[in-house]
Ligand code: AMP
């Protein structure tokens, strides 16, 4: 499959890894939009949040289970933001479900 994030999971494309287990991978965003900007992706190809269902939601649940540890590892003691962009109107550019973990400063209140 011609998917950038599947290639990062496979190691065909390098990434700056922050965390990895059998269900997900976290790595630094190549174009950070905050002092800390990490992407967390499931190791199953789901195109977006719109493909989450009862059969695959365990990946999403797992990602949210590990986010506190990833945030702590990155020093986000004062809070952070988790975002997933979905589809055209959501301005999603990579069609593999991913969660942006942003922090390291007081983020703007506006989200759209
Ligand atoms: P989105 O616009 O929500 O689909 O987010 C895709 C994100 O992937 C953007 O923030 C990009 O900067 C990031 N990105 C694209 N290619 C890479 C890469 N090779 N390594 C790390 N992050 C990437």
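The values are calculated or read from the model by the stated rules, or taken from the named source; none is laboratory data. Being a predicted model, the structure only gives us computed values, none of them experimental. Glycine also receives a Cβ, built like all others from the backbone with ideal geometry; neighbour counts cover every protein chain displayed.
The figures follow:
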{"read-out": "From 97, 76, residue being more than 14 Å from the ligand (Cβ to nearest atom), in a loop (DSSP other than H, G, I, E, B) and crowded, with 17+ Cβ neighbours inside 10 Å", "value": "76"}
{"read-out": "Selection from segment 30-79 of residues that are in contact with a helix residue (DSSP H, G or I) (Cβ under 6 Å, 6 or more places away or on another chain) and within 13 Å of residue 101 (Cα to Cα)", "value": "40, 41"}
{"read-out": "Subset of segment 1-47 [near the ligand (Cβ under 9 Å from one of its atoms) and closer than 29 Å to residue 106 by Cα]", "value": "5, 15, 16, 27, 28, 29, 30, 31, 32, 33, 37, 39"}
{"read-out": "Subset of segment 5-29 (residues that are within 18 Å of residue 101 (Cβ to Cβ) and touching a residue at least 24 places away in the same chain (Cβ under 8 Å))", "value": "5, 8, 9, 18, 19, 21, 23, 24, 26, 29"}
{"read-out": "Pairs where the first residue, in segment 30-49, is over 19 Å from residue 66 (Cβ atoms) and the second is more than 13 Å from the ligand (Cβ to nearest atom) and modelled with pLDDT of 95 or more, C-beta under 7 Å, 6+ apart", "value": "34/103; 34/104; 34/105; 34/107; 35/104; 35/105"}
{"read-out": "Strands (runs of 3 or more DSSP E) contained in segment 16-55 and holding at least 3 residues modelled with pLDDT of 95 or more and surrounded by 17 or more Cβ atoms within 10 Å (Cβ to Cβ)", "value": "24-28, 36-42"}
{"read-out": "Verdict on residue 82 being touching a helix residue (DSSP H, G or I) at 6+ places or on another chain (Cβ under 6 Å) and either modelled with pLDDT under 95 or within 15 Å of the ligand (Cβ to nearest atom) (or both)", "value": "no"}
